[in-house]
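The values are calculated or read from the model by the stated rules, or taken from the named source; none is laboratory data. Not measured: the values here are computed from a predicted model. Glycine gets a Cβ as well: all are built from the backbone with ideal geometry, and neighbour counts include every protein chain shown.
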């Protein structure tokens, strides 16, 4: 069936647009050709940018996987949903006490399934109760745990059973995504395709490159990943800072994900679903690969950090006929803005979660309509809270020092801490007030770590809060 015919039939049925939400694991915007990278092959992801809207300034609201994924699906901050750090193996994920840690909220999949969508997850869940479908999903293949020791010979959860998958996980998630689309092409569907790649950490980086891109990257120097002296705050991954092998592995896994995106787009085209499908591509958080002497995310430093290399993520949105091809926006958006925006764009607005999301809908921007926007985003990761404006980054810590402030227009690498310097005192005071006002307004007492609240996860900084440590570091 051709694209026009498929779109016409969907319109005749009054069918709501489908949603394909593609989430990657630890991928900065800088890794993609559409964001200026000339080292790494990403033609299919770049196609999403050329056929839709590219957000030039999208940011994660936390430094690690579970909290950002919880925020993506709920539109809430960690101090609202209670997931402050990643979940370790077992426990709430697949242990005797496993449970869905966002089960009390009106999540994106819950809203969609209540509106008549069929929902499928293929890939990483990492939010608890991993052995059985959660949040209205009827198709469910995932990982029993969150971290990625590699991409081959890994455990997966399928039909409620943990089994070993000898093949390439990136291809496995893609294949199940393709099957889900084809099975549900005649009804509104939501595919949550949550890759555990490209990752770029630990055993996954040390594993040899085995996908089809190995030969292409062999011998490549990949200058988009800077060489630098390891930063004094870098606590883990120091061995990767100047490793060309780590760079080649990460690049190959990015291109592996790109292959998957290409297959999904081709499946939509082949089934006449392009015109009636909203495709969103983003990452849970960014990743430093030598940037300013770091490798990893905000949890790989001591103290924990809120640098742009961990916050900056890609965000691409394509919906032919409803979003202008090749459009750009420099509005600053955060993870917590995505859920309310998608619900709004799909015509399901007014179904706000409780507590009230700090997220703002950018759906009018997708439609090319004028809208007011406050270019500020907020971030929290255990004992670190931060806000970013167009020019400044302001960071506070509780139970630890230092606080930080950076002039990003003159110091994009965030190397010169201006905190308490005379020339920025007035601006600093204003930013501090804005940061505290935001959290005073939105944080829920039960999960507000800064004011005696608790966490559903263990904490890296548990000793600072006097909370029992449950996360395996």
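Exactly one residue out of 121, 21, 48 is in contact (Cβ under 8 Å) with a residue 40 or more places away in the chain and surrounded by 24 or more Cβ atoms within 10 Å (Cβ to Cβ): that is 121. Just one of the listed residues (69, 38) is over 25 Å from residue 389 (Cβ atoms) and either crowded, with 24+ Cβ neighbours inside 10 Å or outside the structural domain of residue 154 (by TED's automatic domain parsing) (or both), namely 69. Residue check: residue 381 meets all listed conditions (1) in the same structural domain as residue 450 (by TED's automatic domain parsing); (2) in contact with a strand residue (DSSP E or B) (Cβ under 8 Å, 6 or more places away or on another chain); (3) buried (at least 22 other Cβ atoms within 10 Å of the Cβ) but one, namely (2). Sub-7 Å Cβ pairs linking a first residue in region 231-252 that is in the same structural domain as residue 295 (by TED's automatic domain parsing) and closer than 16 Å to residue 41 by Cα to a second residue that is in a strand (DSSP E or B) and modelled with pLDDT of 95 or more, at least 6 apart or interchain, are 247/289; 250/198; 250/289, ordered by first then second residue. Highlighted here are the helices (runs of 4 or more DSSP H) found entirely within region 153-220 that include at least 1 residues which are over 20 Å from residue 245 (Cα atoms): 169-183.
Within this structure, residue 349 passes the test of being over 21 Å from residue 69 (Cβ atoms), over 18 Å from the mean Cα position of the chain (by Cα), surrounded by fewer than 16 Cβ atoms within 10 Å (Cβ to Cβ) and modelled with pLDDT under 95.
Answer yes or no: is there a residue in region 212-220 that is touching a residue at least 60 places away in the same chain (Cβ under 8 Å), surrounded by fewer than 20 Cβ atoms within 10 Å (Cβ to Cβ) and farther than 30 Å from residue 273 by Cα. Yes, some residue in region 212-220 is touching a residue at least 60 places away in the same chain (Cβ under 8 Å), surrounded by fewer than 20 Cβ atoms within 10 Å (Cβ to Cβ) and farther than 30 Å from residue 273 by Cα.
If you check 360, 415 for being touching a helix residue (DSSP H, G or I) at 6+ places or on another chain (Cβ under 7 Å) and closer than 30 Å to residue 111 by Cβ, only one passes: 360.
Regarding residue 394, is this residue within 21 Å of residue 56 (Cβ to Cβ), outside the structural domain of residue 80 (by TED's automatic domain parsing) and assigned to a strand (DSSP E or B)? In short, no. Output the residues belonging to region 63-110 that are touching a residue at least 60 places away in the same chain (Cβ under 8 Å), closer than 14 Å to residue 455 by Cα and either touching a strand residue (DSSP E or B) at 6+ places or on another chain (Cβ under 7 Å) or part of a loop (DSSP other than H, G, I, E, B) (or both). Hits for region 63-110 are 77, 78, 79, 82, 83, 84, 85, 86, 87, 88, 101. With respect to the conditions (1) in contact (Cβ under 8 Å) with a residue 40 or more places away in the chain; (2) within 27 Å of residue 311 (Cβ to Cβ); (3) surrounded by 19 or more Cβ atoms within 10 Å (Cβ to Cβ), residue 274 falls short on a single one, namely (2).
The number of residues in region 384-415 being under 17 Å from residue 434 (Cα atoms), touching a residue at least 40 places away in the same chain (Cβ under 8 Å) and exposed (fewer than 14 other Cβ atoms within 10 Å of the Cβ) comes to 1.
Exactly one residue out of 435, 418 is crowded, with 17+ Cβ neighbours inside 10 Å, outside the structural domain of residue 290 (by TED's automatic domain parsing), touching a strand residue (DSSP E or B) at 6+ places or on another chain (Cβ under 9 Å) and part of a helix (DSSP H, G or I), and it is 435.
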